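Please read the structure below before turning to the comments.
The values are calculated or read from the model by the stated rules, or taken from the named source; none is laboratory data. Because the structure is predicted, anything quoted here is derived from the model rather than measured. Glycine also receives a Cβ, built like all others from the backbone with ideal geometry; neighbour counts cover every protein chain displayed.
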Amino acid sequence: MKPTISPSILNCDIADLVGELKKISNADFAHVDIMDNHFVPNLTWGLPVVEAIIARNILPIDCHLMIEDPDRWAPAYAEAGAASVTFHAEAAGAPIRLAKEIRNQGARVGLALKPTTDIHDYLDVLDEFDMILVMTVEPGFGGQPFLESQMSKVRRVREAADKRGLELAIQVDGGISRKTIEKAAEAGADVFVAGSAVYRAEDAYAEVDELRKLASQAMHRH
Ligand code: DX5
Ligand code: ZN
């Protein structure tokens, strides 16, 4: 298993999105946080910005939808050409139906869980998803400290997926840096979102490489 690095552009220089995306050309995806000021107390961008970024064809786009009513809004991101579309379990009315719809549009589909959301109810339906996103901060803002408490959730998902022979990606998002990425990798995560760690680094490209190296070493120790 190889690590996947998906830097979050939430706190990049948004006046120069294209330039900021080009800085991380060695990443696997660019993680784009969609916030509606209802599901989370913050507002970012929506479909037109995502479409514009996709059109530049710099990196595959990994959309993280922190919005109410994803049943209504999420399929359009897949239709627009996002490589991966992740919605929140707490917000979806019919998560399985929505997952199928996103897959039918040709995107990978992810299910995100806030730190206090139990994974238990979803363990029997893991095969409906390509990825589980275990939030390692309360969603809404970059730059918050990593919640190590979430590592037991990562472990539970990985164990359940392995037991059933599922090739499930597990993404961690929030507070991922050189200090925390190995813990997440050791617990079983393989997709790493890092926002401030990458964009506050002097050299974003080198930081992506460094995070990939640390994650890879930790994954092979296990
Ligand atoms: C938070 C977002 C994250 C955020 C991560 O709600 O989902 O993607 O940008 O930022 P850092 O890496 O700074 O915690
Ligand atoms: Zn995110």
Restricting the range 171-201 to residues that are charged (D, E, K, R) and within 16 Å of ligand 1 (Cβ to nearest atom), the residue that is nearest to Ser25 (Cα to Cα): Arg200
Based on what the data block shows, is Glu101 touching a residue at least 12 places away in the same chain (Cβ under 8 Å), closer than 21 Å to Val50 by Cβ, assigned to a helix (DSSP H, G or I) and not β-branched (Val, Ile, Thr)? yes
Residues within the range 161-189 that are touching a residue at least 40 places away in the same chain (Cβ under 8 Å), more than 16 Å from ligand 2 (Cβ to nearest atom) and crowded, with 18+ Cβ neighbours inside 10 Å, tallied: 2
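Looking at the range 84-94, which of its residues are under 11 Å from Pro70 (Cα atoms), touching a residue at least 24 places away in the same chain (Cβ under 8 Å) and surrounded by 20 or more Cβ atoms within 10 Å (Cβ to Cβ)? It would help to see each step written out before you state the result.
Narrowing the range 84-94 to residues under 11 Å from Pro70 (Cα atoms): 85-94.
Of the ones still in play, those that are also touching a residue at least 24 places away in the same chain (Cβ under 8 Å) are 85-91, 93.
Selection gives Val85, Thr86, Phe87, His88, Ala91.
Go through the range 186-206 and report how many residues are of a type in the set (Asp, Glu) and under 18 Å from the mean Cα position of the chain (by Cα).
We begin by selecting, within the range 186-206, every residue of a type in the set (Asp, Glu); these are 186, 190, 202-203.
Now narrow it down to the ones that are under 18 Å from the mean Cα position of the chain (by Cα): 186, 190.
Total meeting the criteria: 2.
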Those residues that are surrounded by fewer than 21 Cβ atoms within 10 Å (Cβ to Cβ) and more than 13 Å from ligand 2 (Cβ to nearest atom), I need them from the range 131-145; list them, please. Pro145
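Just name the residue that is farthest from ligand 1 (Cβ to nearest atom) out of those in the range 1-48 that are under 20 Å from Ala76 (Cβ atoms) and in a helix (DSSP H, G or I). First the steps, then the outcome.
Residues of the range 1-48 that are under 20 Å from Ala76 (Cβ atoms), as a first pass: 9, 17, 29-40, 43-48.
Those left that are additionally in a helix (DSSP H, G or I): 17, 47-48.
Working: Leu17: 14, Leu47: 18, Pro48: 20 Å.
That would be Pro48.
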State whether one or more residues within the range 40-51 are at pLDDT 95 or above, surrounded by fewer than 17 Cβ atoms within 10 Å (Cβ to Cβ), in contact with an Asp or Glu (Cβ under 6 Å, 6 or more places away or on another chain) and of a type in the set (Asp, Glu). no
Could you list, in sequence order, all residues of the range 208-222 that are touching a residue at least 24 places away in the same chain (Cβ under 8 Å) and closer than 15 Å to Ala27 by Cα? Val208, Asp209, Glu210, Leu211, Arg212, Leu214, Ala215, Ser216
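Here is a yes/no grid of residues against (1) in a strand (DSSP E or B); (2) within 16 Å of ligand 1 (Cβ to nearest atom); (3) out of contact with any Lys or Arg (no Cβ under 8 Å at 6 or more places or on another chain); (4) over 22 Å from Glu68 (Cα atoms):
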site: Gly110; (1), (2), (3), (4): yes, yes, yes, no
site: Pro115; (1), (2), (3), (4): no, yes, yes, no
site: Asp118; (1), (2), (3), (4): no, no, yes, no
site: Asp121; (1), (2), (3), (4): no, no, yes, no
site: Pro139; (1), (2), (3), (4): no, yes, no, no
site: Ser152; (1), (2), (3), (4): no, no, yes, yes
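With respect to Ala74, is the statement that it is at pLDDT 95 or above, of a type in the set (Gly, Ala, Ser) and surrounded by fewer than 24 Cβ atoms within 10 Å (Cβ to Cβ) true? Before the answer, list the steps.
Working: at pLDDT 95 or above: yes; of a type in the set (Gly, Ala, Ser): yes; surrounded by fewer than 24 Cβ atoms within 10 Å (Cβ to Cβ): no.
It is false that Ala74 is at pLDDT 95 or above, of a type in the set (Gly, Ala, Ser) and surrounded by fewer than 24 Cβ atoms within 10 Å (Cβ to Cβ).
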When (1) more than 24 Å from Ala15 (Cβ to Cβ); (2) within 13 Å of ligand 2 (Cβ to nearest atom); (3) surrounded by 18 or more Cβ atoms within 10 Å (Cβ to Cβ) are applied to Cys63, the one that fails is (1)
